[in-house]
Structures are given as structure tokens and as C-alpha cells.
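**Student:** Following this message is one structure expressed as C-alpha cells.
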Amino acid sequence: MDKIASFQMDHEKLLPGLYVSRKDTWNGVTITTFDMRMKAPNREPVMDMPVMHTLEHLAATYMRNDPKFGPKMVYFGPMGCRTGCYFLMEGDLNPSDVLDLVIKTLDWILAFEGEIPGAKPKECGNYLEHNLNTTKYEAKKYVELLRHATEANFSYPK
């Protein structure tokens, strides 16, 4: 079998950032997959599962409720390698189109207090595995990176 595109990218050169992973056309509609890379692969510790889980619940909730982008949101979820998340949106989009949304999402996470949305036994298959404090720590690091990002944080390495 052929290697999929994401396995052909040099992860040893990949920086944390916000990337377009791929663009697909489905029934005449372009779906853009974004790589929300929060950690340098293989060079810094990955996020633990409770952080990934909390990040997924909070970011998906905020993004799906955004008045402009919520109707275009197809999916938000963690990467298996735990270095970030993917989100899919309807439209032929670039990082500059969604950067403000991602920053607003992270700012919302940083200000969030209370019960994690969807974290009750009837709502979630692993409702006990969350960590809001460490999720906020990771969100703060990532949002600061995005606020001071260069082109290298928005284009996959060659």
C-alpha cells in the first residue's frame, strides 16, 4: 500500500503551528483538514490523555457554536500521536482564514471555569478522564505561539 500523505511529511522538522493537512472534494464541496500542531513531534513530551480529552470537549464545543464557522465545522478530534488535534471544515480554507477562530477558542478555554461540556456519564464514554488545569497550561503555550508565529508555523516543512 502507498503511504498516506501525512506519513510522508518529515516530522523531525515539523514545528508547532497551524497547517492545512489536506483538502478533499466530496460531492462538489471542498473539505479542508487543519493540523492544529501543539507539540514538536518526537522532540517534546506529548499531551496526556486527560488533556487531549478535555481539549477535544472544549474546543469542539466552542468551535461548533461559533456563529460564522460553527455551521462549517465537520469534525474536531485529537491526533493519535497526542501532539495536537485535527479539525475539518467545509470550504477551501487556509490557516489565515481560521487563525482568529483558533485563537478565540484557546482564549475561551483559558477563561473557562466549571463543568466540562459533555463530561457526564450519559454524555461521554470516559467522563472521568479530564484535566482542565493542564489543558489550560497547554492552551496558553499554544496561543502564545500562534500570536507570535512566523510563516514556518503555517507551512509544512519541505
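**Student:** Any chance you could check the Cα centroid distance between region 39-58 and region 89-158 for me, in angstrom?
**Tutor:** When both Cα centres are located, 10 Å separates them.
**Student:** Further question: Sort Cys85, Cys124 so that the residue with the fewest other Cβ atoms within 10 Å of its own Cβ comes first and the one with the most comes last.
**Tutor:** Working: Cys85 21, Cys124 16.
So the ranking, lowest neighbour count to highest, is Cys124, Cys85.
**Student:** Under a Cβ-Cβ cut-off of 12 Å, what is the net charge of the residues other than Val51 that fall near it, where Lys and Arg count +1 and Asp and Glu count -1? If you can, show how the numbers build up before the last one.
**Tutor:** Working: positive: Lys39, Arg82, Lys136, Lys141; negative: Asp48, Glu56, Glu129, Glu138.
Local charge sum for Val51: 0.
**Student:** Rounded if a/c is under 1.5, else prolate if a/b is larger than b/c, else oblate: which is region 22-158, with a ≥ b ≥ c the root eigenvalues of its Cα gyration tensor? Intermediate results must be reported in sequence, preceding the final value.
**Tutor:** Numbers: a/c = 1.59, a/b = 1.21, b/c = 1.32.
Note, shape of region 22-158 comes out oblate.
**Student:** Within the chain, what's the longest run with no GluC sites (Glu not before Pro) in a DSSP loop and at most 14 other beta-carbon atoms within 10 Å? Give the range, please. Kindly include the intermediate steps, with their values, before the conclusion.
**Tutor:** Numbers: sites that count: Glu12, Glu113, Glu115, Glu123.
The longest such stretch corresponds to 13-112.
**Student:** Another question, if that's okay. Along region 50-61, what does the Karplus equation 6.51 cos²θ - 1.76 cosθ + 1.60 (θ = phi - 60°) give for ³J(HN,Hα), rounded to whole Hz, x for Gly and Pro?
**Tutor:** Karplus-based 3J(HN,Hα) across region 50-61 equals x, 5, 4, 5, 5, 4, 4, 4, 6, 5, 4, 4 Hz.
**Student:** Can you work out the FRET efficiency for the pair Cys124 and Val74, with r the C-beta to C-beta distance and R0 = 25 Å, to the nearest 0.05? Please list the in-between numbers first.
**Tutor:** Details: r = 20 Å, r/R0 = 0.82.
It comes out at approximately 0.75.
**Student:** Mind giving me the nanometre distance, one decimal, between the label points for Asn65 and Val46, set 7 Å out from Cα along Cα→Cβ?
**Tutor:** Modelled inter-label distance: 3.0 nm.
**Student:** I would also like to ask the following. Let me check I've understood the local charge: for Pro95, count other residues with C-beta under 12 angstrom from its C-beta, Lys and Arg +1, Asp and Glu -1. What total comes out?
**Tutor:** Values: positive: Arg37; negative: Asp35, Asp97, Asp100, Glu151.
Cβ neighbours under 12 Å give a net charge of -3.
**Student:** If you rank Trp26, Trp108 by fewest surrounding Cβ atoms within 10 Å, what's the result?
**Tutor:** Values: Trp26 9, Trp108 17.
Sorted ascending by nearby Cβ count, the order is Trp26, Trp108.
**Student:** So how far apart, in nm, are the two label points at Leu145 and Met9 if each is 7 Å from Cα heading toward Cβ?
**Tutor:** 1.2
Quick note: the coordinates plus some simple rules give every number you see, no bench work behind them. Computed from a prediction, not measured in an experiment: that's the story for all the values here. Cβ: placed from backbone, ideal geometry, glycine included. Neighbour counts: every protein chain shown.
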